[in-house]
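Q: Dropping the structure in here first, questions after.
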Amino acid sequence: MTFPEAIESVACEIVVPADPGGENRGSARVIDIDKDKRRFPRFPCRVDAILRYQSGPPALRRPREWMRIMVRNLSRCGMGFLHSEAVFPGERMLIVFPRGIQRVFVAKRCRRIGARCFDVGGEFSELLDNPTEAGLR
Amino acid sequence: MTIATAPSRPSSRNECSGFLPIGVDTITVSTELPFNLYLRVNPAAPPVLYRERHLAMESSDFDRLSEQDITTLYIQVADHVAYRDYLIETVLHNRDVPGPRRFHVLKIANRAVFRSAFGDRNPEKLVNFAAQYGDELADIVCDEDLAVGELLGLMEHDYYTYTHATNVSVLSVLIARELGMGVCDGIVPLGSGAVIHDIGKRQIAPALLNQQQPLSEEQRETIQQHPKFGFMELSGRRDLLWGQLMMVYQHHERWDGRGYPVGFVGEEIHPWARICAVADVYDAMISSRPYRRGLPANQVWEVLEGGSKQEFDREFVKALRSVVKE
């Protein structure tokens, strides 16, 4: 099974808001790369990936199953994605991208944008060499 | 012994370098004092020794002070911990003393400790303080004979950090008690969690928190990060329950999903955080600030009960209303 097939095999439980602006809210909003002042600019990126929770607050119990997410922007040091459930700041999760590139992601923020749609942002524990390639199918 | 009018915060009239003013009525008759007591005879001079450590004050001493209208004595700053321990021993842990008086002493005894803990970079002190405070508060509040109205009458509403933290704790515990929660249901950690609900504000500049001018969008966003800051600071601790962490992280979430930081809805918000939200908003609105008076009760209930829109859990608002009416 290829990585894209593995990702496709995980059910997507995200319900992106139906309103016209929903697709472009939060992490999904259009990024003007020329105005991005981050150390590493974020690129718009629309691919699906999968995550599995690794660790978080001791009092929080998380399932060990893989979950599908929708990546919306990506840089060498972090990304924004849509998820079907809320994550908590500091939670660590393993992300697998379509080309099999894997990174540990640490959540920094989470905001609900729909009933089953949360906009999550955070950083990788290790820089991506080539964010464009990670986002490619 | 009466405690009702003991000064809880030094006024400028009573301030004196190296000394702390204490209410005469916080001293218990015929108990050995673990600190020196001082009396200010001349307002222009430092206090003079009135009663030496290890001695006691007798009824006749109180009568004489009363005749001279003296309600304030002094201890050395270095003795504030001994004074706190003395209050805990003689009043707080004395079940013969009525609940409201014990509550009043709880406030006096803990103010300085809270200030020191809140100012410390390490959250350890504040978490430990909150645990002890919650324990002592629950001991008072869970007494079936507690005169709730009298206790509420002793609460100040000035929105100072200590007052607000402890008011939210008291109100949260009273709401829980009204709903039938007891020690076995977690009323102690609930009270502790409420004390630390705003711990994340320590990471925000005081000038911004106290700004009287309208906030810019960026400033509002900064302030709205305090639940996240607090959660991140505490989330790795094993001595805190999930409910306590959610009080820190979710106390600005709203039932209708219009809160922050996430926008959780209804029962997605932990019940302890929903209780904390009601207590937090009630105290914030009823309290006077340097730039405005506290809101009248009818306006406060209007916001909490919400009319057509529902920001708060109605069951908890109803419980608070019932408590405040007592």
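Q: Among B:Ala273, B:Ala45, B:Ala284, which one moves the most in a GNM of chain B with springs linking Cα atoms closer than 10 Å?
A: B:Ala45
Q: Shape verdict for region A:49-137, please, from the Cα gyration tensor: rounded (a/c under 1.5), prolate (a/b greater than b/c) or oblate.
A: Taking the square roots of the gyration eigenvalues as a ≥ b ≥ c, region A:49-137 is prolate.
Q: Give me, ordered by chain and number, the residues 5 or more places off A:Val47 or on other chains with an amide H under 5 Å from its own placed amide H.
A: A:Val71
Q: If you only keep lysine pairs separated by 8 or more in sequence, or across chains, how many in the protein assembly as shown come under 30 Å at the Cα atoms?
A: Lysine pairs meeting both conditions in the protein assembly as shown amount to 22.
Q: Which of B:Gly306, B:Gly236, B:Gly134 ends up with the largest GNM mean-square fluctuation for chain B, with Cα atoms connected below 10 Å?
A: Fluctuation is largest for B:Gly236.
Q: Additional query: Scan region A:63-118 for GluC sites (Glu not before Pro) in coil per DSSP, keeping those whose Cβ has at most 11 other Cβ atoms within 10 Å, and list them by number.
A: Passing both the DSSP loop test and the Cβ count: A:Glu65.
Q: A further question follows. With viscosity set to 0.692 mPa s and temperature to 37 °C, compute the Stokes-Einstein D of region B:268-309, Rh being the Kirkwood radius across alpha carbon pairs; µm²/s, no decimals.
A: D = 292 µm²/s.
Q: If you take the square roots of the eigenvalues of the alpha-carbon gyration tensor of region B:67-152 and sort them as a ≥ b ≥ c, do you get rounded (a/c under 1.5), prolate (a/b over b/c) or oblate?
A: Oblate, since a/c reaches 1.5 and b/c is not below a/b.
Q: Could you work out how far apart the two model spin labels at B:Ser116 and B:Ala78 are, taking each label as a point 7 Å from the Cα in the direction of the beta carbon, and quote it in nm?
A: It works out to 1.4 nm between the two label points.
Q: Running a GNM on chain B with Cα contacts under 10 Å, which residue among B:Ser60, B:Ser116, B:Ser235 ends up with the highest mean-square fluctuation?
A: Maximum fluctuation in the GNM of chain B, among the listed residues, is at B:Ser60.
Q: Rounded, prolate or oblate, given the Cα gyration tensor of region B:15-143, with a/c below 1.5 counting as rounded?
A: Taking the square roots of the gyration eigenvalues as a ≥ b ≥ c, region B:15-143 is oblate.
Q: Something else about it: Which loop-located chymotrypsin sites (Phe, Trp or Tyr not before Pro) does region B:263-326 contain, where loop means any DSSP state but H, G, I, E or B and the Cβ has at most 11 other Cβ atoms within 10 Å?
A: B:Tyr291
Q: Among the chymotrypsin sites (Phe, Trp or Tyr not before Pro) within region A:98-136, which fall in a DSSP loop and have no more than 15 other Cβ atoms within 10 Å of their own Cβ?
A: Sparse-neighbourhood loop chymotrypsin sites (Phe, Trp or Tyr not before Pro): none present.
Bear in mind these aren't lab numbers, they're just calculated from the coordinates by the rules spelled out. What you see is a predicted model; the values in this text were computed from it and never measured. Here the Cβ is made from the backbone with ideal geometry for all residues, glycine too, and neighbour counts use every protein chain on show.
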